[in-house]
Each structure stands twice: as structure tokens, then as C-alpha cells.
Amino acid sequence: MYGCDTGIKYPKGGYEYPKNVSVNDTNLYYYPIKDIESKKYAFGDYYSYLLYESFEEPNLSIKPFAQDVFRLTYSNAFGDHVIIILKNGSLKVKEGNTDYLYEDRTDEMDTIEQLHLRLLQRFFPIEEIGKSSRHRKYLDSMTKVYPKLLDPAYYHELNQKSFWKKAKTFKYRISTIALSKRVYTSLIKELNASGFWTLPYVLECAEAADIADGFEFTFEANTETKYQFVRVHGCPNNETPFTMVCQKIVHLAKLDREVDLIWKESGNTEIDSLETKE
């Protein structure tokens, strides 16, 4: 009898790669969801290239790579970022704080621009703020006087005025951890079983969480036939099967102290043991 390796099979789900991508769109790092995500997320995702280019990370969403790639990106409220790239045979870890790369320029904007920027940072998109909101009358009066507050292009214009990239070279920490095929295969099987491939593009907290150090993480998959993307907000007691698999990847990257995706309110996070001699 012969032991046959039939390869890893992925469940249904995920997104097809675009057939044509214009030069102007190559910087859209989550390309397949650009037409289905909300205006709020689309605005922020437009600037995701600033993060990934700083860490010299490619766009996984527009074409398949020679080898399947999975990328976990963790970001907190203080500008700290951790990127873990999972491939068959290795985990690559990149860490750094991009806040030092940019200089706040809002003081150089005029008073009206500063007011509009603060308003949009809080309420964009304004037209989606409910009629029952105590801010609705104020927002209606502001948009009547300044209708351009309803135009996302105006928000982009203000946002791009508000910061400046410093000339210095960004330096990040990088390390690589060897991973056996057995452990890699086990992780992908757990990922497949977690429902990852059919999850929506964003998982919000079930209830508003009072977290001083807010964080979120994204998880991307680039395979031969499809791409998948999921964004997860930092929610307490997040013990979904998908998040547990992501925490195992964090564990293999030896970053448990820095990155707690499950964040139990008791302060004790545990995951199933996974042999990590490799």
C-alpha cells in the first residue's frame, strides 16, 4: 500500500480574483470586497496600502501566488502592527509601529477644514446616521450649508491634507519560524472547519465593548483559485472557532503576550495545545 498525498482541499466560499485590474486599483488591497463593503469601511480600506507597503507586503487580493499564502494582520489603537504570513513550511513575522512614519498636519488646515475633518471622522457617512440620533438636526444643518460633506472625495481631500509621510526609512522587526508540513496541514484543516471561507467580510462585536486599547485583526487567504478576507473587531470572550485558529497561529509565532485575539474578560486566555517543536 502507498501513502498518497492528495493535497489540501478548500470548502466552497471566498471570492474570485478580478479578471482585469486597472493601474489605479492595484493599491486596493482588499479588492474583491470593494463593491460590497460599507462606505465607512471602504474609506478606511482605501489607505490600507500605506500599512502594507511600509512592511513590504504584496497585495494578495488581485491574483494567485505560486504558493498558497495566509496573512494575519493585527493592529491596535497605538499604531502597533503585527503581520504573520503563513505558508507551507514557515511562519514569517513582521512587527512595527507606523505612527512614527507620519506627521500630523491638521494645524496647517484652516478652521473650517479642521471642523469638517473632525465631523467626518466621527460621523462618516453622514447620510447613514439615523433620524433618531440626537446629532441628526445638527448634521442636517451642516450638510445644508456644506453639501460637500456628503461627498467621499471631499473627505479624502481633507484626510490627505491632515498627515504627511516622513522621509525617513521605516524599519520593522522580522523573524521566520520553521513549520512542519504536519502542523501546517493541521492548521489549514482547522481553518477550513471553522467556517472561515463563508464568513462575511467583517465581524462586529455582538455588544459594544468598552476597550481602552481597541484592536482589530484581518485574515486573508490567497490560494490558486480564490481569495478570502475577514475583518474582526477586538471583542471580549471571542471564542469562535475561527478566532481560536487565528490565536493558534499567534501562538506558533510566539506572540501570545503581545497579541490576544480572544481577550477573555477574566484575563486568562487558553487555546488547545499544539505541538510546536518545529
**OP:** Between Ala153, Ala253, Ala221, find the one with the highest GNM mean-square fluctuation for the chain; connect C-alpha pairs within less than 10 Å.
**Re:** Ala153
**OP:** Would you work out the charge dipole size for the chain about its Cα centre, treating the Cβ of every Lys and Arg as +1 and the Cβ of every Asp and Glu as -1, and quote it to the nearest 20 debye?
**Re:** 460 debye
Subject >> Sites matching trypsin sites (Lys or Arg not before Pro) across segment 11-40 that sit in DSSP coil, with at most 11 neighbouring C-beta atoms within 10 Å >> reply: Lys12, Lys19
Original post:
Over segment 178-260, what lengths in whole Å, largest first, do the semi-axes of the equivalent ellipsoid take, defined as the square roots of 5 times the eigenvalues of the alpha-carbon gyration tensor?
Top reply: 23, 17, 11
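What does the net charge come to around Lys168 if you take all other residues with beta carbon closer than 14 Å to its beta carbon, with K and R at +1 and D and E at -1?
+1
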Original post:
What residue among Leu115, Leu261, Leu199 shows peak mean-square fluctuation when the chain is described by a Gaussian network model with Cα springs under 10 Å?
Top reply: Leu115
Original post:
Which FRET efficiency value, to the nearest 0.05, is calculated for Phe78 and Glu113 with the Förster distance at 22 angstrom and r the Cβ-Cβ distance?
Top reply: 0.25
Original post:
What do the square roots of 5 times the Cα gyration tensor eigenvalues come to for segment 106-161, in whole Å, largest first, as semi-axes of the equivalent ellipsoid?
Top reply: 20, 11, 10
Original post:
Using 1/(1 + (r/R0)^6) with R0 = 30 angstrom and r between the beta carbons of Ser38 and Ser90, what's the FRET efficiency to the nearest 0.05?
Top reply: 0.25
**OP:** Loop only per DSSP, at most 13 neighbouring Cβ atoms within 10 Å: give me the chymotrypsin sites (Phe, Trp or Tyr not before Pro) in segment 89-162, ordered by residue number.
**Re:** none
Original post:
Once you list every other residue whose beta carbon is under 13 Å from the beta carbon of Glu103, what net charge do they have if Lys and Arg are +1 and Asp and Glu are -1?
Top reply: +1
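Can you give me the relative contact order of the chain as a percent, contacts being Cα pairs under 8 Å and 6 or more apart?
24 percent
Read the figures in this text as sums done on the coordinates, not as results from a lab. A quick note: this is a predicted structure, and the numbers were derived from the prediction, not measured. When we count neighbours, we look across all protein chains shown, and the Cβ atoms used for this are built from the backbone with ideal geometry, even at glycine.
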